[in-house]
Amino acid sequence: QFDWGESTASLNALGFEAGVSNENEWWGPGIRNAMILSNNAPGFPHLFFRTRRPIETLIGGVELKWLVGELRESRYFDTVSVNNLRSLSAFGATLQTRWDPNLSVGFARSVYATAEDRGDIFPGRFVDVFKGASSADTAILTEIWREKDLPGGRDQLLSLFARWVFPKNVAEVYAEWGRTKLPPSLADFLK
């Protein structure tokens, strides 16, 4: 079997990088677990756009990453043929604060959707991360997960995170908060 492994081809210009990759990704502050993306599985084919180095602002350095990718069901656990392919559209931003370079905060959002073929994903699903994923769509995706033959469906995950490193104490603290539904109000956000 031929596999692209952890390969990437990219173009760099003006402090940004765009390309195609088959690498796995780790998004978030966690050491053992990640909510949005983790590297505990092989890489997946995706297009990406990101900053090459932090963009310096008045409040600190900002790093951005945006990608669209193709997720395939494992051929070893494939019991339903209609849900073999999904798209992933994700965007993340991290701020390394100017007042304490050891403190970084950020957010990430990912949207997963069923797809008929690769043509549905590249590049059409690139902007899915900036669109909504309704509860009706989520219900459809849940039914597909239960191995029902239903078309369509989207699901999402929103994450807010922070990491604070204390080099002199050889310690760090990190936290991540995630939701599968965007809060409609500030009160709902704080629940």
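The values are calculated or read from the model by the stated rules, or taken from the named source; none is laboratory data. Here the structure is a predicted model, which means the values were calculated and not measured. A quick note on method: Cβ atoms are made from the backbone with ideal geometry, for glycine too, and the neighbour counts reach across all protein chains shown. The accessibility values were calculated without ligands, DNA or RNA, using every heavy atom of the protein model including side chains. Shrake-Rupley method; radii C 1.70, N 1.55, O 1.52, S 1.80 Å.
Take K168 and A187, extend 7 Å from each Cα along the Cα→Cβ direction, and tell me the distance between the two endpoints in nm.
According to this spin-label approximation, the distance is 4.5 nm.
I'd like the carbon and sulfur percentage of the solvent accessible area for segment 22-127, probe radius 1.4 Å, heavy atoms only, ligands and nucleic acids excluded.
Carbon with sulfur: 56 percent of the solvent-accessible area.
Estimate the FRET efficiency between D117 and R52 by the formula 1/(1 + (r/R0)^6), using the beta-carbon distance for r and 41 Å for R0, to the nearest 0.05.
0.80
What FRET efficiency would be calculated for the residue pair W99, R72, taking the C-beta separation as r and a Förster radius of 45 Å, to the nearest 0.05?
FRET efficiency, W99 to R72: 0.55.
For segment 99-110, in order, what is each residue's ³J(HN,Hα) by Karplus, 6.51 cos²θ - 1.76 cosθ + 1.60 with θ = phi - 60°, in whole Hz (x at glycine and Pro)?
6, 8, x, 8, 9, 10, 10, x, 9, 8, 9, 10
Grab the beta carbon distance between F2 and T180, set R0 = 45 Å, and tell me the FRET efficiency rounded to 0.05.
0.80
With the other protein chains left in place, how much accessible area per residue, in square angstrom, belongs to segment 22-66 at a 1.4 angstrom probe?
Ligands and nucleic acids excluded, the figure is 59 Å² per residue.
Using 0.36 nm per residue, how much length does the chain from N12 to R32 gain when fully extended, once their Cα-Cα distance is taken away?
4.1 nm
What accessible area per residue, rounded to a whole number of Å², is obtained for segment 68-122 using a probe radius of 1.4 Å?
Accessible area per residue, segment 68-122: 52 Å².
I'd like the accessible area for V127, computed on protein heavy atoms only with a 1.4 Å probe and all protein chains in place. Round to 10 Å², please.
60 Å²
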